[in-house]
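Every number here is computed from the coordinates shown, using simple stated rules; none is lab data. Because the structure is predicted, anything quoted here is derived from the model rather than measured. Don't worry about glycine lacking a Cβ; one is built from the backbone with ideal geometry, like all the others, and counts go over all protein chains shown.
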Amino acid sequence: MDVFNHDIVIVGGGLAGLRAAIASAQAGMDVALVSKVYPMRSHSVSAEGGAAAVVRDDTGDSLELHALDTIKGSDFIADQHVVEYFVEEAPKELIQLEHWGCPWSREPDGTVSVRAFGGMSVNRTMFAADKSGFHMLHAIFQTSLRFPKITRYDEHFATKLIVDDGRCIGVVAIDLRTGEFRAFGAKATILATGGCGRLWAFTTNGFINTGDGLGMAYRAGAALSDMEFPQYHPTGLPGTGILITEAARGEGGYLLNSEGERFLKDYVPSRMELGPRDIISRAIITEFEAGRGFQGRLGQYMQLDLRHLGEEKINRKLPFVRELAENYIGVDPVHEPIPIRPVEHYMMGGVRCNVDGETIVPGLYAAGECAQEGLNGGNRLGSNSLTECLVFGARTGTAAARYAGEIGAGKTSSLEAQSNDEEQRIKTRFFQNQSGNERVGLLRGELQQAMERNVGVFRTREGLLAAQEDVQELQERFKKVKLDDTSAVFNTELTGVLELENLMDIAETVVAPAILREESRGSQARRDFPTRDDQKFLAHSLCYKTDGGGPRVEWQEAVITKWEPVERKY
Amino acid sequence: MHSPHPVSRVPSYPWHMPSGWWLKKRTYMLYMVRELTAVFAALWVVLFLAMLPQLKTDPSVMRSPIWILFSLIALLFVLYHAFTWFNLMGTVLYFRPGKAPIPGKLIIATMMVVWIAVSLFIIAILMTAPLGY
Amino acid sequence: MADPTMTFAVTRYRPPDDREPVTQTYTIPYNEDWVVLDALQYIKDHHDGTLSFRWSCHMGICGSCGMMVNGEPKLTCAAFLRDYYPHGVKVEPLANFPVIRDLVVDIEDFMNKLQEVKPYIIRDDVDTAPIGKGHEFRQSPEETEDFRQFSMCINCMLCYSACPVYGMEKSFIGPAAIALAHRYNMDSRDKGRNLRMPVIGNSEGIWECTFVGECSVVCPKHVDPAAAIQRSKLATTNDFMMGMVMPWRKR
């Protein structure tokens, strides 16, 4: 088996992974970037709205305000010291990316523009038209090309973190082009694998967002935290789930129910369409249940009305929105309202780590959406996550470099032995074992339907218990999965089943804490526990893998520094 | 910088450009026609230069029907080439003297107008200049 | 009445068993909301798990899913079945590229060329200039507009697939790479034009292009790489002439 030894191995080539790679390279480390797709395909590319930071003097903004908005948005379980670090670093990271070529939209005087966004009390969201994630990802990917210390291993699918003597010493991955397993030795390993939206049937996420890093970390003994908080973005296109950016509301769009009302006046009167995402998604579902939704061929929907913005403004500020609505739902927003409904979009939860990205497994770090570093709590504010990737990608890359500079390499013999074992396991389980009868795609669909049914915007104990049973039953059936494709070269059924394995493993970490968190907070809305319980649950959930029987769930108090929790009203 | 894949272990199926590729798409064929017009233009010039000395001895050599027909066809091709060229100039030339770039259509229109004006001028000279025959 | 169906003729290539690509036909239920990518996914999930293809965002921004659909290079997430129904659809790997497996082509050539054209801001203070509030390099909206269109490239490779020059001459740097070089050359913040021009201003770069123009026709993001190449030709020619006339001029 080929063995590649580097100082740092980063799994995942999106915004956070690339930022960490550059930070580590600038710190003098030899970095391997292992990604199952070419970096420009990473799902960071699809983000539209923008990235928030206090970058202007003329808006009455302050770091305090950005922090308060974020903490209140999190429904008070953000770790406040992490938020304080974040808001301070945010402007530096966004301007550094500007220096690196990101084509931010500008004011006439050449300074960067900012726009309004949900839950932000002041306009502070920098944007690149309505393709901010695309421009940010391409800017940082192209910048990474001038760092010779970064070696990329594109289309390499990582399957297991190698832990030896309690320390993470690397990762084993499949070179998709040849089907060969390769071992990557690292003094520090950073997971930047993004979210797990493909756990649900209706999601904005790409096919690749299957929580691979989450699965690997979980199996390696790290804690998955706050996984009960997936974010439902209010405006997804019915059918495909394609995202219509919050910026459409930021530029002045209205949400209308079947009575033609801007119904958010009854839910978030002071912010209306720019309230936080969890509250707006709940408002829409509540309106559906009250019979004030539109009924369409692809299900119920509300209207996102942009007509009053005018064609010129839409073409200038929201061209991608217009294109997507026309192509995928046959609506020209200049003349007709866009049908939308809440859609799974982001995972607030992830691998538990501190502000340096350190997990409880020495040598293992996490950054970006796959990390739970304490920024987002129970609900993330729109336009904080692109900034999150840069701020914590940078910090984690630097921290991992510091650790790698002090520690020696792991034992190559252990790395190779475990990697060989993993190759054996996979080949035996999925190639040699032909006795099963379950198809990958169909099982995946059932898992997604189970989660969509009972782990949605509103939850009940009965529903969550049913989901738990569904997951357990599907995990059993997964043992009988059988592949059509046992070939070596670019076997995407193999990657599909490995991705499904990750989804199967992490599904329980979403359901179990949702059952135990008997309150409603952030994006967790329990019909049976409709209020927030700061006495018991001003904390993060932590799930640890056990040998069957679901995760061991513990609770870790959120860190409060300056802002005492208050009732969350807008 | 990215790692080399061990291509030799599993070679990919190489690409072979099919001959007659330009027959497969209308736009490719039009491209070939456009390129072919250069051949006609060159051929006309060569023949014209070859016939020039003969004018002294046989003034009607350039009035032969075949030559006139060939010249007309060559003229059509050259006009097509010039037309497509001017059309492309709209995107090729980019000037932003102030806040907005000069619109492509304006550039094309200006070039066409100048082209036509110059052509008319040359035709006028040719038609009125005494040629002595 | 039977539910409507649609037939797909899909290229298969499974090394080392297949010596060359073959065509396999699948018939599946027709769904008016679907794109070709959905059909391929349905085939894979229900009928034939061995069908390999690249995909991710399903919204035309990641650039993964480029393939030949009825002989035209297209993003299969934006090729709607309703535009082809009730006729069948032929799906092949992108033309002009070596095929790794089924509908998956080898794009390493492009990745190398992308690296070569230095597609990043080049200036002495790019990593060291002060950062934070108020420290952005000033750029007017007009200056951003100078290069914005060329920055929209999603690296989908449809342009390479449509370019007969690239089909015949592998050394051609190609539309997208040159468009990205031009994007940085036109960015008012960049100072690296002199380093990029030798890379693209040679017979493997812009001068290999004969302005067929098909690259710009198939580009799903309206980047117009053909314009980028021709403008670069003008720019290098201009530089050359000015260099002859005024050799002391700094560029």
| note | Label model pair A:Asp547, B:Leu36: point-to-point distance (7 angstrom along the Cα→beta-carbon line) in nm is 7.9
| Approximate spin-label separation B:Met62-A:Gln26, in nm, with each point projected 7 Å along Cα-to-Cβ | 7.1
| Given the rule -39500 (n - 2.57) for each run of at least 4 DSSP H residues, summed and divided by the residues of chain C, what is its mean residue ellipticity at 222 nm, to the nearest 500 deg cm²/dmol? | -9000 deg cm²/dmol
| field | Helix-only CD estimate at 222 nm, as mean residue ellipticity for chain B, using -39500 (n - 2.57) per DSSP H run (n ≥ 4) | value | -21500 deg cm²/dmol
| message | Going 7 Å from the Cα of C:Tyr85 along its beta-carbon direction, which residues of the range C:1-33 have the amide nitrogen within less than 13 Å of the resulting point? | response | C:3-7, C:28-33
| Bins of 10 Å, starting at 0 and running to the largest distance - Cα pair percent for the range A:424-570 | 10, 33, 28, 17, 9, 3
| message | Amide H of C:Val35 versus every other amide H placed in the peptide plane: which residues, excluding those fewer than 5 positions away on the same chain, fall under 5 Å? | response | C:Leu81
| request: Would you list, by chain and number, the lysines whose Cα falls below 17 Å from the Cα of B:Lys25, excluding same-chain residues fewer than 8 positions away? | output: C:Lys74, C:Lys90
| note | Rounded to the nearest 5, the percent of antiparallel DSSP beta bridges in the range C:5-105 equals 85
| request: Convert each backbone phi in the range C:164-172 into a coupling constant with the Karplus relation 6.51 cos²θ - 1.76 cosθ + 1.60 (shift: θ = phi - 60°), then list the ³J(HN,Hα) values in order as whole Hz, x for Gly and Pro. | output: x, 5, 5, x, 9, 9, 4, 6, 4
| remark: The alpha-carbon center of the range A:214-241 and that of the range A:41-59 are separated, in whole Å, by 21
| request: Over 21 Å between C-alpha atoms is what I'm after, so list which of A:Lys149/A:Lys411; A:Lys72/A:Lys92; A:Lys313/B:Lys99; A:Lys160/A:Lys427; A:Lys160/C:Lys113; A:Lys479/A:Lys545 land there. | output: A:Lys149/A:Lys411; A:Lys72/A:Lys92; A:Lys160/C:Lys113
| query | Taking the Cα-to-Cβ direction at A:Glu567 and at B:Phe95 and moving 7 Å from each Cα, how far apart do the two end points lie in nm? | reply | 6.7
| task | Calculate how steeply helix A:319-329 sits against the longest principal axis of the alpha-carbon atoms of chain A, using the helix alpha-carbon long axis, and give the answer as 0 to 90 degrees to the nearest 10. | result | 80
| request: Tell me, for chain C, which Cys residues have no other cysteine's C-beta sitting closer than 4.7 Å. | output: C:Cys65, C:Cys77, C:Cys153, C:Cys156, C:Cys163, C:Cys209, C:Cys219
| remark: If C:Cys62, C:Cys156, A:Cys196 are placed from fewest to most neighbouring beta carbons inside 10 Å, the sequence is C:Cys156, C:Cys62, A:Cys196
| query | 222 nm [θ] for chain A, helices only, -39500 (n - 2.57) per DSSP H run of 4+, per residue, to 500? | reply | -11000 deg cm²/dmol
| note | Debye calc, one equal point scatterer per Cα of chain A, no solvent, log10 I(q)/I(0) at q = 0.12 1/Å comes to -1.16
| Antiparallel DSSP bridges in chain A: what percent, to the nearest 5? | 65
| request: Within the range A:350-385, which residues have the backbone N less than 15 Å from the label spot 7 Å out from A:Asp421 along Cα→beta-carbon, could you tell me? | output: none
| query | Any idea what angle helix A:63-73 forms with the longest principal axis of chain A, computed on alpha-carbon atoms, 0 to 90 degrees, nearest 10? | reply | 80
| remark: Once amide hydrogens are built 1.01 Å from N within the peptide plane, the residues lying 5 or more places from A:Gly349 or on another chain with amide H under 5 Å from its amide H are A:Phe229
| message | Please list, by residue number, every one of the trypsin sites (Lys or Arg not before Pro) in the range A:516-570 that is coil in DSSP and has at most 10 other beta-carbon atoms within 10 Å. | response | A:Lys569
| note | Rounded to the nearest 0.05, FRET efficiency between B:Arg26 and A:Glu438 (Cβ-Cβ, R0 51 Å) equals 0.60
| note | In chain C, whole DSSP H helices that both stretch 20 Å or further along their axis by alpha carbon positions and average at least -0.5 on the Kyte-Doolittle scale are C:225-245
| request: Determine which aspartates and glutamates satisfy two conditions relative to C:Lys44: a Cα distance under 17 Å, and not lying fewer than 8 residues away in the same chain. | output: A:Glu438, A:Glu446, A:Asp484, A:Asp485, A:Glu493, A:Glu499, C:Glu92, C:Asp102
| query | With axes computed from alpha carbons, what is the tilt in degrees of helix A:412-426 against the longest principal axis of chain A, rounded to the nearest 10 within 0 to 90? | reply | 70
| request: Quick one: work out the % antiparallel among DSSP beta bridges in the protein assembly as shown, nearest 5. | output: 70
| task | Report the calculated FRET efficiency for B:Ala50 and C:Thr210 (r = Cβ-Cβ distance, R0 = 30 Å), to the nearest 0.05. | result | 0.55
| said: In whole Hz and in residue order, list the ³J(HN,Hα) couplings for the range A:102-119 that follow from phi through the Karplus curve 6.51 cos²θ - 1.76 cosθ + 1.60, θ = phi - 60°; x for Gly and Pro. | reply: 4, x, 4, 5, 10, 7, x, 7, x, 7, 6, 7, 10, 10, 6, 8, x, x
